[in-house]
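Shown next, in structure tokens, is the structure this report addresses.
The values are calculated or read from the model by the stated rules, or taken from the named source; none is laboratory data. Worth saying up front: this structure is predicted, and the values here are computed from it rather than measured. Using ideal geometry, Cβ is built from the backbone for each residue, glycine included, and neighbour counts are taken over all protein chains shown. We work out accessible area using only protein heavy atoms, side chains counted, and drop any ligands, DNA or RNA first. Shrake-Rupley method; radii C 1.70, N 1.55, O 1.52, S 1.80 Å.
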Amino acid sequence: RYDQLGHDIERPLLKPGEVYLEAHELANEFGRRARIALGTAEGATDFATAAPPTIRVDPRAEAPAAALAAFVEAFGGRVLLAADSAGRREVLLELLHRQGLAPPQVNSWDEFVRGSMPLALTVAPDLRGLTLPGRFAVIAEEQLFGERARQERRRRRAERDPEAILKELTDLSPGAPVVHEAYGVGRYRGLRTLDVEGHPAEFLVMEYAGGDVLYVPVHALDAVSRYTGAPAESAPLHRLGGDQWEKARRKAAQRIRDVAAELLDLYARRAAREGQAIEFREQEYRAFEAAFPFEETLDQAEAIRAVIADMQSGRPMDRVVCGDVGFGKTEVALRAAFVAVQAGRQVAVLVPTTLLAQQHWQNFSDRLADWPFRVENLSRFRSGKEQKAVIEGLKAGTVDIVIGTHRLLQSDVAFKDLGLAIVDEEHRFGVRDKEKLKQLRANVDVLTLTATPIPRTLNMAIGGLRDLSLITTPPAERVAIETFVTEWSDALIREALLREIRRGGQVYFVHNAVEDIEKVAARIAQLVPEATVGVGHGQMRERDLERVMLDFYHRRFNVLVCTTIVESGIDVPTANTIVIDRADRFGLAQLHQLRGRVGRSHHRAFAYLLTPPRAALQPDAQRRLEALESLEDLGAGFTLATHDLEIRGAGELLGDEQSGQIQEIGFNLYMELLERAVRALRSGRDPELEKPLHTGPEIDLHVPALLPEDYVPDVHLRLRLYKRISAAPDATALGDLQAELIDRFGALPAPAQTLFAVTRLKLRAAPLGIRRLDIGAAGGVLQFAEDHHVDPTKVIRLVQQDSKRYRLDGPYKLRFTLPAADEAARISVADALLSKLA
């Protein structure tokens, strides 16, 4: 490889000696390391151990570990607590300190045995806990927080919440547009540390029209979001101090009121529309479920549960299931189809290509082989006579499930009792096709499957008009696809194809121009004489195309030069390299779909996107390719759709025109205001959209509260963490985040501990309606909002009982004189004061 490609000045390769060890060097390295020898143990002792009791710890309670303290006292032996990670250990320690417990930390079993303390703490993620009565007990997190809490925590880190993706300030480069809800759209100019009252404080810097600059403290980042809704270069920039932003917001608020009213009308009509509640036969369904040869992923199981609940609800279902290629969307569709047919209804599965119809028909037939259901295929691959028989069967009700292409939407197709319509790869169908589907929709359940939802669908799903289920957990053993954006190079293409062929695999080479596809195939055959090359495209006769695809599936040749006909083609597990020629000419959803043709087994897959030189690319094409290259992790389809939303702009929620309001104030703020308006109208109130959304309490302890640069050096990551900390919904989520930071970066430095303490205080102060809490060395000020939720008698009692320390300064300000020399003392004073007012 070095001989072939090592002399490229732009992409130099390391010399082999710098990358690989010689055999003798490897043997020496192994020899220097400790080894474990496994054998059998004789004379083993059986201890009378038992499972430990469940002892619940509640982070939100006044005395969070009361049950644990009682158990330690009553047990009679010694207790070892096992945390999942170093970060979780710190969270546990904090809870125990609040209970008045201070267990020592031990690093080994010997250390615990030699000690004498009744309670100790260690890190052991795989322990399940046990007790040896009268001697000792090992208690894992599972007994303290429950198995479900542990699963939720692990799952929450892996999954992508649709709204969090849009709101996170990830991948922001200087110059990218961001929205501050009080000041409007500006450009992000980085993070800057400034000296405030002799202490370092970090701020997000935003530049507005005319060069004005706004510094946003990092603990107030919940008021800042990414600007989405129009391409970055055409984002509107507002002026600081003018009324331009106020006008834009007011105008958007008026439009949003109308949209919210329309939405509610739509909700009401959907709720009033009588669907047909599907009768669910539990026993038969469980037997069908048990025949699934794989274990469902958590997301997949959740999507299945949601779909079946929708079908039983008696309201017509309109659910979008978004999951990457090969993540198990077909099984969700199969379960829904089974439930519908069991209840005596018919199912129509609409797919974009004849090849996909054939594959789905095969899958459905195989999975339902043990059941008395008739599954048919309606596409160009069937003769006229066969098609006629299927259509008659649909009218008579003898065909239970039909899988077909656009042929299903033609006027001669009628159903006896259609109960469920499943649309696969929604982005391949036009508006007219969807209108025809809507005619079926009056009381039919509709399930849409997609790998990358189109911006309008995403917009409607996040707006709550359509239900959305995300499958972002990859199947076991699935490996992410390595993606390279590069110019055409004979040496690189030869290497890519040979590497795949020599490991016994196959290659897709996508060239989307029929006129010279034979010429490209000949060039590939010349470049890689070791390969056997086949050609497939949509202008071939159906039978010929079917034969080519089946020959490729049965490995009769190993390189398929083809057009995008394979985008929704049959599943070939041995094809694990794809080369896409002129990738700049494809849309983001299509590129993601094509890339999903490979990597469908446990082998590492490779995608090569061939483009002209970067300088010659259109800005949109360049951004699409960068988005695809940066998101090669598994389950990235939804995130790609949100990038598409940014690149193409969000379609108006109700109606076909692009929304000026979404472009003016940004997609995130628009959706937040819309959500607020819908909530207010539902509860019979007039929506107050002019008020800022995030008016959380301002808490100033006059000590550094930030993530130091030497703790988290990457500025993008620091920004992301600040955003996540400021947006944490409750103390439990904040504790999980603190644990995650300790696990990733080590023990929290003092300024970071203060940042978490300040956020915790904000979470406690917000429900009380406290606007500001300012504490210095000798005391401070607590300011209430006009619509606070504190019982005034508590404040009066506080002042009356200790007038030397507390006094009222006007109706909404409480001054207090309390010594608080350092961070710990100030946090303690704030905690005590909030407890008195709660």
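General remarks:
- The residues of the stretch 345-384 that are in contact with an Asp or Glu (Cβ under 7 Å, 6 or more places away or on another chain), surrounded by fewer than 22 Cβ atoms within 10 Å (Cβ to Cβ) and part of a loop (DSSP other than H, G, I, E, B), listed by number, are 352, 373, 374, 380, 381.
- Checked against the criterion of being part of a loop (DSSP other than H, G, I, E, B), within 26 Å of residue 745 (Cβ to Cβ) and open to solvent by less than 60 Å² (accessible area, probe 1.4 Å), the stretch 136-143 has no qualifying residue.
- Within the stretch 305-314, being crowded, with 18+ Cβ neighbours inside 10 Å and either under 18 Å from the mean Cα position of the chain (by Cα) or of a type in the set (D, E, K, R) (or both) holds for one residue alone: 310.
- Taken over the stretch 565-586, the criterion of being closer than 22 Å to residue 450 by Cβ, part of a loop (DSSP other than H, G, I, E, B) and touching a strand residue (DSSP E or B) at 6+ places or on another chain (Cβ under 9 Å) is satisfied by 569, 572, 586.
- Long-range neighbours under 9 Å by Cβ, at least six apart or interchain, first residue under 11 Å from residue 512 (Cβ atoms) within the stretch 583-603, second buried (at least 24 other Cβ atoms within 10 Å of the Cβ) and of a type in the set (S, T, N, Q): 590/452
- Hey, residue 515 surrounded by fewer than 20 Cβ atoms within 10 Å (Cβ to Cβ) and at pLDDT 90 or above or not: yes
- Put simply, of 535, 444, 507 the only residue that is open to solvent by less than 20 Å² (accessible area, probe 1.4 Å) and either at pLDDT 85 or above or farther than 30 Å from residue 265 by Cβ (or both) is 507.
- If you go through the stretch 587-644 and keep only what is open to solvent by 20 Å² or more (accessible area, probe 1.4 Å), in contact with a strand residue (DSSP E or B) (Cβ under 7 Å, 6 or more places away or on another chain), at pLDDT below 80 and not in a loop (DSSP other than H, G, I, E, B), you end up with just 629.
- When residue 671 is tested against (1) surrounded by fewer than 22 Cβ atoms within 10 Å (Cβ to Cβ); (2) under 29 Å from the mean Cα position of the chain (by Cα); (3) at pLDDT 70 or above; (4) not basic (Lys, Arg), exactly one condition is not met: (1).
- Counted as qualifying within the stretch 171-241 are no strands (runs of 3 or more DSSP E), as none has 1 or more residues that are in contact with a helix residue (DSSP H, G or I) (Cβ under 7 Å, 6 or more places away or on another chain), more than 24 Å from residue 721 (Cβ to Cβ) and free of Cβ contacts under 8 Å to residues at least 12 places away in the same chain.
- Enumeration of residues in the stretch 743-795 that are in contact with a Ser or Thr (Cβ under 8 Å, 6 or more places away or on another chain) and exposed (fewer than 14 other Cβ atoms within 10 Å of the Cβ): 778
- Residue in the stretch 683-701 that is part of a loop (DSSP other than H, G, I, E, B), open to solvent by 20 Å² or more (accessible area, probe 1.4 Å) and either modelled with pLDDT of 90 or more or under 27 Å from residue 58 (Cα atoms) (or both) present: yes
- Odd one out for residue 416, checked against (1) crowded, with 21+ Cβ neighbours inside 10 Å; (2) modelled with pLDDT of 70 or more: (1)
- Beta carbons closer than 9 Å, at least 6 apart along the sequence or on distinct chains, pair a first residue in the stretch 36-56 that is aromatic (Phe, Trp, Tyr) and in a loop (DSSP other than H, G, I, E, B) with a second that is modelled with pLDDT of 80 or more and open to solvent by 100 Å² or more (accessible area, probe 1.4 Å) for 47/135.
Each row is one residue, and each column tells you yes or no for (1) more than 22 Å from residue 199 (Cα to Cα); (2) open to solvent by less than 70 Å² (accessible area, probe 1.4 Å).
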site: 797; (1), (2): yes, no
site: 803; (1), (2): yes, no
site: 806; (1), (2): yes, yes
site: 810; (1), (2): yes, yes
site: 818; (1), (2): no, yes
site: 822; (1), (2): no, no
site: 825; (1), (2): no, yes
site: 834; (1), (2): yes, yes
site: 837; (1), (2): yes, yes
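- Restricting the stretch 105-125 to residues that are in contact with an Asp or Glu (Cβ under 9 Å, 6 or more places away or on another chain) and part of a loop (DSSP other than H, G, I, E, B), the residue that is surrounded by the fewest Cβ atoms within 10 Å (Cβ to Cβ) is 125.
- Check on residue 539, touching a residue at least 24 places away in the same chain (Cβ under 8 Å) and of a type outside the set (Val, Ile, Thr): yes
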